[in-house]
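Novice: One structure, pasted below without further comment.
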């Protein structure tokens with residue numbers, strides 16, 4: 001089956017969704033990401049949705065699930081690049097993605113993840129979290 | 001009302017839901033919809049196509065480009081022969097779901113379009129008609 005690639009960059013996992021996902025593909029991404037977070041001890045997940053022309057309730061739920069599962073596994077999630085028309089439609093649909101961090105682009109998203117990780121790197125947080 | 005174009009697509013699996021999104025996008029562009037209007041009707045179509053598949057056991061969508069003399073519109077009719085909806089008011093309520101979704105499909109789709117009509121009887125399937133005007 002077709003899969004969306006997940007790239008590892010340092011402590012982060014990066015995903016760029018570039019296809020119009022059918023539901024099974026979205027579910028596969030959710031499962032793959034969760035296992036990769038556990039396997040790689042990733043501390044952050046960045047999901048680039050700038051190529052997505054719509055986010056409906058199913059894809060919205062997938063994004064919210066990924067963020068929730070990542071949080072349980074001690075990783076931050078940031079969703080970047082949502083097109084304005086998609087954002088307007090999503091809110092009108094009734095989905096505001098509570099609990100999901102967003103940033104305008106990949107650069108700002110990475111900065112957000114780095115900032116979230118900074119206390120750990122500086123040793124101010126529990127040192128046992130370092131791997 | 002004059003129908004400028006008319007297409008029918010079957011909805012049998014989740015790849016068909018993607019195909020419905022793509023055809024609706026194409027027709028909305030042809031009808032001269034703005035990007036936001038395109039996004040709204042495509043998103044509504046995605047919700048309803050998924051409902052047709054998940055709750056209706058599959059069905060079909062009829063897509064029509066309309067012209068009422070002044071403006072153009074897009075009308076989509078989703079039809080299934082599934083179990084039907086016993087309580088339509090309840091099904092339209094946000095957060096109500098009998099499946100594993102968020103319960104935003106029907107109510108959400110209604111908010112994204114200008115016209116919304118639903119007919120359903122237990123055992124006789126469900127028809128949802130939506131329209132959006134430019």
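Only the coordinates and a few stated rules stand behind these numbers; no lab work does. Note that the structure is a prediction, hence the values are computed from the model and not measured. So basically every Cβ, Gly included, is an ideal-geometry build from the backbone, and we count neighbours across all protein chains shown.
Novice: For peptide B:37-44, what's the mean number of Cβ atoms from other chains within 10 Å of each residue's Cβ? Before the final figure, lay out the partial values.
Specialist: Numbers: counts 2, 4, 12, 6, 2, 5, 13, 5.
The per-residue average across the peptide is 6.
Novice: Mind pulling the angle between the C-alpha long axis of helix A:84-93 and the longest principal axis of chain A? Nearest 10 degrees, somewhere in 0 to 90.
Specialist: Between helix and principal axis, roughly 80 degrees.
Novice: Treating each Cα of the protein assembly as shown as an identical point scatterer and ignoring solvent, apply the Debye formula and state log10 I(q)/I(0) at q = 0.09, 0.15 Å⁻¹.
Specialist: These q points yield log10 I(q)/I(0) values of -0.45, -1.05.
Novice: At a temperature of 4 °C and a viscosity of 1.567 mPa s, determine how fast region A:52-125 diffuses translationally according to Stokes-Einstein, using the Kirkwood radius over alpha-carbon pairs as Rh; express D in µm²/s, rounded to the nearest whole number. Provide the component values of the computation, followed by the final result.
Specialist: Working: Rh = 13.3 Å.
Here the translational diffusion coefficient equals 97 µm²/s.
Novice: Springs between alpha-carbon atoms under 10 Å, Gaussian network over chain B: tell me which of B:18, B:70, B:113 tops the mean-square fluctuations.
Specialist: Looking only at B:18, B:70, B:113, the biggest GNM fluctuation is shown by B:70.
Novice: Return a whole-number percent for the relative contact order of chain B, with Cα pairs under 8 Å and 6 or more residues apart as the contact set.
Specialist: Once divided by the residue count of chain B, the mean separation gives 27 percent.
Novice: On a 0 to 90° scale, report how tilted helix A:57-72 is relative to the longest principal axis of chain A, with both axes built from alpha carbons and the result rounded to the nearest 10.
Specialist: The angle comes out near 10 degrees.
Novice: Can you bin chain B into rounded, prolate or oblate? Criterion: square roots of the alpha carbon gyration tensor eigenvalues sorted a ≥ b ≥ c, rounded for a/c under 1.5, prolate for a/b above b/c, oblate for the rest.
Specialist: prolate
Novice: Considering chain B as a Gaussian network with a 10 Å cut-off on Cα pairs, which listed residue, B:28, B:91, B:45, attains the greatest mean-square fluctuation?
Specialist: In the Gaussian network model the winner is B:91.
Novice: Once the Cα atoms of helix B:14-30 and of chain B are each reduced to a long axis, what angle between those two axes, in degrees from 0 to 90 to the nearest 10, is obtained?
Specialist: 30
Novice: Considering only DSSP beta bridges where both residues belong to the protein assembly as shown, give the percentage that are antiparallel (nearest 5).
Specialist: Numbers: 35 of 48 bridges.
Around 75 percent antiparallel, to the nearest 5.
Novice: When chain A is treated as a GNM, springs tying every alpha-carbon pair under 10 Å, which of A:114, A:92, A:53 comes out with the largest mean-square fluctuation?
Specialist: A:92
Novice: May I pose another question? Rounded to whole Å, give me the distance from the Cα center of region B:21-88 to that of region A:15-90.
Specialist: That distance is 25 Å.
Novice: Relative contact order of region A:1-116: what whole-number percent is it, with Cα pairs under 8 angstrom and at least 6 residues apart?
Specialist: Reported relative contact order: 25 percent.
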